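Reviewing the structure listed below.
The values are calculated or read from the model by the stated rules, or taken from the named source; none is laboratory data. What you see is a predicted model, and the numbers here were worked out from it, not measured in a lab. Cβ placement follows ideal geometry from the backbone for every residue including glycine, while neighbour counts extend to all protein chains displayed. What goes into the accessible areas is simple: the full protein's heavy atoms, side chains included, and nothing from ligands, DNA or RNA. Shrake-Rupley method; radii C 1.70, N 1.55, O 1.52, S 1.80 Å.
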Amino acid sequence: MNIPIKNLPENTEELMQYILERVCALTGNASSAIKSASRKWSLMYARYIFFDVATQFHIKPSVAVNYIGRNRTLMYPYKRAVSDLRDVNAQFRVDCNMVYESTFDHFDCDYGRT
């Protein structure tokens, strides 16, 4: 079930930038490093958190992947990786929830009809 979220910014760029800033603060990586081509695990972990939280805020997966400098065809492997991480890694779920909650509070969002 897809529950609408009220008070999201009209500009998804602003929302994605804030999510990326929160992910950077949580993981200790720079946003330029997250957008780089490196496949270092800490950067991949940060990208997966960004992807998961962005899609929870109803941003299209192809747009979220493209924002972090990846080809949109990678959205399918990202979906699978995030699904697997959510199943087996409790810390990943905690980190995603922290970023989601801080973003939700920052934009003073609410659930319900828009």
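On a per residue basis, the chain carries 58 Å² of accessible surface, using protein heavy atoms and a 1.4 Å probe. The calculated FRET efficiency for the pair Thr73 and Val94, based on their C-beta separation and a Förster distance of 35 Å, comes to about 0.75. The heavy atoms of Arg93 present about 80 square angstrom of accessible area, all protein chains included, probe 1.4 Å. Under a model in which nothing but the beta-carbon of Lys, Arg (+1) and Asp, Glu (-1) is charged, the chain shows a dipole of about 600 debye around its Cα centre. Per-residue ellipticity at 222 nm computed for the chain from its helices equals -20500 deg cm²/dmol, with DSSP H segments shorter than 4 residues left out and the rest contributing -39,500 (n - 2.57). Nearest 10 degrees, 0 to 90: what angle lies between the long axis of helix 12-27 and the longest principal axis of the chain (Cα atoms)? That works out to roughly 50 degrees. Think of the chain as a dipole: +1 on every Lys or Arg Cβ, -1 on every Asp or Glu Cβ, centred on the Cα centre; then among Leu8, Val99, Pro77, Pro77 lies furthest on the positive end. By the gyration tensor of its Cα atoms, with a ≥ b ≥ c the square roots of the eigenvalues, what is the shape of segment 57-114: rounded for a/c under 1.5, prolate for a/b over b/c, or oblate? Cα axes put segment 57-114 in the oblate bin.
The accessible-area ordering, largest first, of the residues His58, His106 stands as His106, His58, per a 1.4 angstrom probe.
Rounded to the nearest 10 square angstrom, Lys60 shows an accessible area of 140 square angstrom against a 1.4 Å probe.
Rounded to whole numbers, the Karplus 3J(HN,Hα) couplings from phi for segment 47-57 are 5, 5, 4, 4, 4, 5, 5, 4, 6, 5, 8 Hz, using 6.51 cos²θ - 1.76 cosθ + 1.60 with θ = phi - 60°, and x at Gly and Pro. Note on Ala33 and Arg86: the model spin-label points, each 7 Å out from Cα along the C-beta direction, lie 2.7 nm apart.
For Ser83, the solvent-accessible surface with a 1.4 Å probe is about 60 Å², rounded to the nearest 10. Restricting segment 1-69 to GluC sites (Glu not before Pro) that sit in a DSSP loop and have at most 12 other Cβ atoms within 10 Å of their own Cβ leaves Glu10. If you sort the three axes of the alpha carbon gyration tensor as a ≥ b ≥ c, you get a/c under 1.5 for segment 1-95, which makes it rounded.
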